[in-house]
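Notes follow once the structure below has been shown.
The values are calculated or read from the model by the stated rules, or taken from the named source; none is laboratory data. Because the structure is predicted, anything quoted here is derived from the model rather than measured. A quick note on method: Cβ atoms are made from the backbone with ideal geometry, for glycine too, and the neighbour counts reach across all protein chains shown.
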Amino acid sequence: MVNKPVYMDNHATTRVDPRVLTAMLPWFTEHYGNAGSVAHPFGWDALEAVDNARKSVAQSIGARDREIVFTSGATESNNLAIRGVSQAPRRRGNHLISLKTEHKAVLDPLKRLARQGFEITVLDVAEADREDTGMVDLDRLRDTIGDETILVSVMLANNEIGTLQPIREIADICHSKGVPLHCDATQAIGKISVDVTQLDIDYLSFSAHKIYGPKGIGGFYIRRRPTGARLLPQLDGGGQEHGLRSGTLNVPGIVGLAEAMRLCDEVRLEEEPRVHAIRDRLAKSLQSAVRDTLLNGPPLGADNHLSNNLNLTFCGVDGEALMMSMRDLAVSSGSACTSANPEPSHVLRAIGRSDEDTRASLRFGIGRFNTEEEVDFAVSLISDTVSRLRKMGNPS
Ligand SMILES: Cc1ncc(COP(=O)(O)O)c(C=O)c1O
């Protein structure tokens, strides 16, 4: 028996793992001190929990404790990187580079900077139906970096089509030209191993609610150079987080983020192949049950495709209508984070899909709690619904 509705929208958000919730609970009602209260045990307890969480988060991504800043999520972390670098004192220029397939939490701050007079280059990515769909052209990137470039921002894993970018190679190119690299790793953290030292990243964004942690808490990694941080804080106030992010620390959230990351590291070797197999079962069954589907993203099973992601176009069907007529299955017709905006997905457009194909697409995000039975349920629901909608569209 399958419990309905079935949730397959784990790129949008995830269910909090009960083990994460258990770790968080005491920090609401028993140990509710302010980590900034240095004069009594309530504050000391809270500070100790934050320090431990910081150590654990740092260890998980190969960073040092003082390089971790807690934020409200990846949107804030991305804004801190982009706005912060653009406003840094003694910056060398006014040019920033990113990709067309980035999340709006990167693209929109860049648009604002463009309105303020900054020069922004948003690079194309490889088109659909190729081995490297969604990937940046490294030669183009190299040629685009100039003397005025102050930041390159490239995501690790795409939230719609699952493309993994060659971040270490990108970092090498940036650093050979003396330019820092920001990486939005929101969809990668917890799913693949991410080590900022090995990847040679300068700024990294991540979020708890994509990895079975709570909403409203995230992290930012900032590489500490001998000269200190080269970005301007975006929130001023109590001077928390070494002055980089003022505001009373969200102690239960921070504990939850650290526990969510620790659990992901603990179970990854077992979880990744299981999730991968469920995703493959879904893809193969859908592709054989439903004719005329297109895969959006690199080939399934390739090293450059995130293993919990599947994005398919059901040609000739309206994705919105498809979703609306399948109330028992939670998936997404684009980026859930931008669902307030009815525009067809900018990511699918960037890989060259027509607006019609883009509207006929569904994104599946497989997660820790999905089962094979749920896949079989989803396949039969989707194939029935697609054939019904196609018949309605083409009555013979
Ligand atoms: C790649 C990526 N970056 C940033 C965000 C925003 O994260 P948050 O919800 O933590 O602000 C998301 C959320 O969908 C995402 O997928």
Result of the Cβ filter at 7 Å on the stretch 63-77, keeping first residues that are of a type in the set (D, E, K, R) and partners that are modelled with pLDDT of 95 or more and within 12 Å of the ligand (Cβ to nearest atom), at least 6 apart or interchain, is 76/218
Of everything in the stretch 1-27 that's in a loop (DSSP other than H, G, I, E, B), aliphatic (A, V, I, L, M) and more than 16 Å from the ligand (Cβ to nearest atom), which residue is farthest from residue 157 (Cα to Cα)?
-> 1
Matching residues in the stretch 85-107 (out of contact with any strand residue (DSSP E or B) (no Cβ under 8 Å at 6 or more places or on another chain) and either crowded, with 23+ Cβ neighbours inside 10 Å or free of Cβ contacts under 8 Å to residues at least 12 places away in the same chain (or both)) number 1
Say whether the condition of being in contact with a helix residue (DSSP H, G or I) (Cβ under 7 Å, 6 or more places away or on another chain), at pLDDT 95 or above and farther than 28 Å from residue 175 by Cβ is met by at least one residue in the stretch 222-243.
-> no
One residue from 190, 213 being under 20 Å from residue 160 (Cα atoms) and touching a residue at least 24 places away in the same chain (Cβ under 8 Å) = 190
Might you check whether a residue that is at pLDDT 90 or above, of a type in the set (Val, Ile, Thr) and outside the structural domain of residue 133 (by TED's automatic domain parsing) occurs anywhere in the stretch 349-356?
-> yes
Any chance you could count how many residues in the stretch 196-213 are surrounded by fewer than 23 Cβ atoms within 10 Å (Cβ to Cβ) and under 20 Å from residue 51 (Cα atoms)?
-> 0
Take residue 121 and decide whether it is buried (at least 19 other Cβ atoms within 10 Å of the Cβ) and polar (S, T, N, Q).
-> no
Picked from the stretch 55-76 (must be hydroxyl-bearing (Ser, Thr, Tyr) and out of contact with any His (no Cβ under 9 Å at 6 or more places or on another chain)), the residue farthest from the ligand (Cβ to nearest atom) is 56
Being among the basic types (Lys, Arg), touching a strand residue (DSSP E or B) at 6+ places or on another chain (Cβ under 6 Å) and either at pLDDT 95 or above or not assigned by TED's automatic domain parsing to the domain that holds residue 223 (or both), is that true of even one residue in the stretch 75-83?
-> no
